[in-house]
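Student: I'd like to ask some things about the structure below.
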Amino acid sequence: LKINFIDIATKIILEAPFEKPTKNAFDLDYIGIKASQFSFSRLSKADPVLGVDMVSTGEVGCIGDNIDEALLKSLLSVGMRIPKKNIMLSTGDTKAKTQLVEACRVLVQNGFNLFATKGTAKFLEENNIKSTVVYWPDEKKTPNVMDYIRNRKFDLVVNIPKNLSKTELNNDYQIRRGAIDFNIPLLTNARLANAFIYAFCRKPIEEISIRSWDEYKN
């Protein structure tokens, strides 16, 4: 933005005269987003969920005309794939479910098939969103989520950790690890999943522009 916010903040703290940035200063010409790359597929039995530790093996920064384009470019560059048809959802606690409910509605409106564990399926049903129930790994019922993962019937798995109970940890781990082992794109953060869903629904991959760095600098 070519605005020295530290200088402005310092003047405000010192009650010195300062020039307030205009709204036009925040009209961005382009947006940059950096995505981390992980190597969970090389780490046998490791739980592919992120915490406070730095576990990425690299990062890729990409520039787009808007947030959707920049996000898609960055995630695609580190191996994420845009789903074609079937999406599996296990959306964690109530907060995460609420964050994702409208994104799920958008998915259905765009022709995607939703598969969900019981709690998530019930929450979606209460919000008039259709989904197919898949049972937990430790349940001896069909359709079982692990059978679908092994047969690669999902194009994307969204698994948001819920709590630290033994049952939750075991089931969620098997789903996440299964997604990695069978090369299915996995998201474990509700905000990122929400942003990614909106991005690929609003921005078809065919419309993503390939431009050089010099074009953005100019």
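The values are calculated or read from the model by the stated rules, or taken from the named source; none is laboratory data. From a predicted model like this one, the values you see are computed outputs, not experimental measurements. Here Cβ is always computed from backbone atoms with ideal geometry, including for glycine, and neighbour counts include all displayed protein chains. We work out accessible area using only protein heavy atoms, side chains counted, and drop any ligands, DNA or RNA first. Shrake-Rupley method; radii C 1.70, N 1.55, O 1.52, S 1.80 Å.
Student: Determine if region 23-42 includes at least one residue that is on the phi > 0 side of the Ramachandran plot and either surrounded by fewer than 14 Cβ atoms within 10 Å (Cβ to Cβ) or among the hydroxyl-bearing types (Ser, Thr, Tyr) (or both).
Tutor: no
Student: Restricting attention to region 160-203, and to residues there that are assigned to a loop (DSSP other than H, G, I, E, B) and free of Cβ contacts under 8 Å to residues at least 40 places away in the same chain, which single residue is surrounded by the most Cβ atoms within 10 Å (Cβ to Cβ)?
Tutor: Per the criteria, the residue is Ile184.
Student: Still on this model: Can you confirm whether Asn86 is surrounded by 13 or more Cβ atoms within 10 Å (Cβ to Cβ), closer than 30 Å to Asn144 by Cβ and touching a strand residue (DSSP E or B) at 6+ places or on another chain (Cβ under 7 Å)?
Tutor: yes
Student: Here are some conditions: (1) aliphatic (A, V, I, L, M); (2) over 22 Å from Phe115 (Cβ atoms); (3) modelled with pLDDT under 95. Val49 meets all but one. Which one does it not meet?
Tutor: Condition not satisfied by Val49: (2).
Student: Turning to a different aspect of this structure: Working carefully through the options Lys20, Lys2, Lys45, Lys11, find the one that is of a type outside the set (A, V, I, L, M, F, W, C) and within 25 Å of Arg177 (Cα to Cα).
Tutor: Among Lys20, Lys2, Lys45, Lys11, only Lys45 is of a type outside the set (A, V, I, L, M, F, W, C) and within 25 Å of Arg177 (Cα to Cα).
Student: Follow-up. Looking at the structure I just gave you, is Pro83 under 16 Å from the mean Cα position of the chain (by Cα) and at pLDDT below 95?
Tutor: no
Student: Do any strands (runs of 3 or more DSSP E) lying entirely in region 11-99 carry at least 1 residues that are under 24 Å from Ser131 (Cβ atoms) and in contact (Cβ under 8 Å) with a residue 12 or more places away in the chain, and which ones are they?
Tutor: Filter on region 11-99 gives 86-90.
Student: The conditions are (1) part of a helix (DSSP H, G or I); (2) of a type outside the set (Gly, Ala, Ser); (3) open to solvent by 50 Å² or more (accessible area, probe 1.4 Å); (4) touching a Pro at 6+ places or on another chain (Cβ under 9 Å), and Leu1 fails exactly one of them. Which is it?
Tutor: (1)
Student: Further question: Lys153 fails exactly one of the following numbered conditions: (1) open to solvent by 50 Å² or more (accessible area, probe 1.4 Å); (2) out of contact with any strand residue (DSSP E or B) (no Cβ under 8 Å at 6 or more places or on another chain). What is the number of that condition?
Tutor: If we test Lys153 against (1) open to solvent by 50 Å² or more (accessible area, probe 1.4 Å); (2) out of contact with any strand residue (DSSP E or B) (no Cβ under 8 Å at 6 or more places or on another chain), just (2) comes out false.
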